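Take a look at the structure set out below.
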Amino acid sequence: MNRSINRRDFVAAGSVIACGLGVSQVSASHCAEEERKTSIPVQEGEKIQLLTPQTEGGMPFFEALAKRKTTRVFKREMPDLQTLSNLLWAAAGINRPDGRRTAPTALNSQEIFIFVILPNGVYCYQPAENSLLRCAEGNFQNLAGNQNYAKEVPVTFVYVADLNRSNCSPETQESYARVDCGFIGQNVYLFAAAAGLASVFRGSIDHKALAKLFKLGEKQMVLYAQSIGYPDEEKVQAAPSMLKLK
Ligand SMILES: Cc1cc2nc3c(=O)[nH]c(=O)nc-3n(C[C@H](O)[C@H](O)[C@H](O)COP(=O)(O)O)c2cc1C
């Protein structure tokens, strides 16, 4: 399946089932299992089964590097499921048989969890299942960021560190987590460049409100967010002169 899903579809449907995303009901026991595995509290919800990521071809690496940039003007158009699947895999998917990821983590602690705010709900990326597990239903885009543009972007990743996953000192854990998060952010930037998407990595978020939304526990912290969508080319053209006025 490779269809485009627009924002209106998502919001109007109130459920990704109606968008034909291949959602399946997840049982309470399955959720409990997910919860143990991830150590991030995810509630009973629905699952979006992601598509097998396309891991070959694409834009030449140096071209993607040349195009990597921050963009803050987005269309509301939702990327299709294949693009979303590729994006999550590029961000922090499993790329080796031993379960290691596309982004490195100190001590291979894999402590960064990606919460995904979509127009119809909030999900937690489950790399081993190649799925998104819903942890909150409804539109929470108003919590996606403090800057206005961030509230209308169709896809927001919120990076959450689970510091229970290593035994280092709290200072070391946090510094490792912020670096690990940066690697994921750069993977997303490069994927966005290669796929014709726009992205902005953001520290300007309401950490407390997001932690409450995700029902985070002790030593689990919201670090950063990253908006991903299609660039609004007309406004992008206008943006440089706007910036010069600053
Ligand atoms: C740790 C970090 C936090 C950032 N926070 C924000 C933010 O809150 N809002 C924003 O619009 N951009 C944010 N940015 C994006 C930077 O402003 C952007 O990367 C910088 O202007 C350089 O532009 P470039 O990414 O196109 O090279 C952040 C970037 C980093 C690395």
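Screening Ser109 against (1) closer than 26 Å to Pro53 by Cα; (2) away from the ligand (no atom under 16 Å from the Cβ); (3) out of contact with any Asp or Glu (no Cβ under 9 Å at 6 or more places or on another chain); (4) not charged (D, E, K, R) leaves a single unmet condition, (3).
Counting the residues of the range 153-182 that are basic (Lys, Arg) and at pLDDT below 95 gives 1.
Taking the condition aliphatic (A, V, I, L, M), out of contact with any helix residue (DSSP H, G or I) (no Cβ under 8 Å at 6 or more places or on another chain) and touching a residue at least 40 places away in the same chain (Cβ under 8 Å), does Leu190 pass? Criteria not met by Leu190.
When Ala128, Ala150 are checked against the criterion of being outside any strand (DSSP E or B), of a type in the set (Gly, Ala, Ser) and surrounded by fewer than 23 Cβ atoms within 10 Å (Cβ to Cβ), a single residue qualifies: Ala128.
Checking the structure you have, find out if any residue of the range 224-237 is modelled with pLDDT of 95 or more and among the hydrophobic types (A, V, I, L, M, F, W, C). Scanning the range 224-237, I find at least one residue that is modelled with pLDDT of 95 or more and among the hydrophobic types (A, V, I, L, M, F, W, C), so the answer is yes.
Cβ-Cβ distances below 6 Å connect the following pairs, each with a first residue in the range 65-78 that is away from the ligand (no atom under 12 Å from the Cβ), a second residue that is among the polar types (S, T, N, Q), and a separation of six or more residues or different chains: Glu77/Asn6; Met78/Asn6. Residues in the range 161-193 that are more than 18 Å from Leu216 (Cβ to Cβ), away from the ligand (no atom under 14 Å from the Cβ) and under 17 Å from the mean Cα position of the chain (by Cα): 1 in all. The single condition among (1) more than 16 Å from the ligand (Cβ to nearest atom); (2) on the phi < 0 side of the Ramachandran plot that Ser199 does not meet is (1).
Within the range 134-154, residues that are more than 21 Å from Glu46 (Cα to Cα) and within 13 Å of the ligand (Cβ to nearest atom) sit with their Cβ atoms under 7 Å from residues that are part of a loop (DSSP other than H, G, I, E, B) and of a type in the set (Ser, Thr, Tyr), at 6+ positions apart or across chains, in these pairs: Gly145/Ser204; Asn146/Ser204; Gln147/Ser204.
The values are calculated or read from the model by the stated rules, or taken from the named source; none is laboratory data. Quick caveat, the model's predicted, so the values are computed rather than measured. Because the Cβ atoms are built from the backbone with ideal geometry, glycine has one as well, and the counts that use them run over all protein chains shown.
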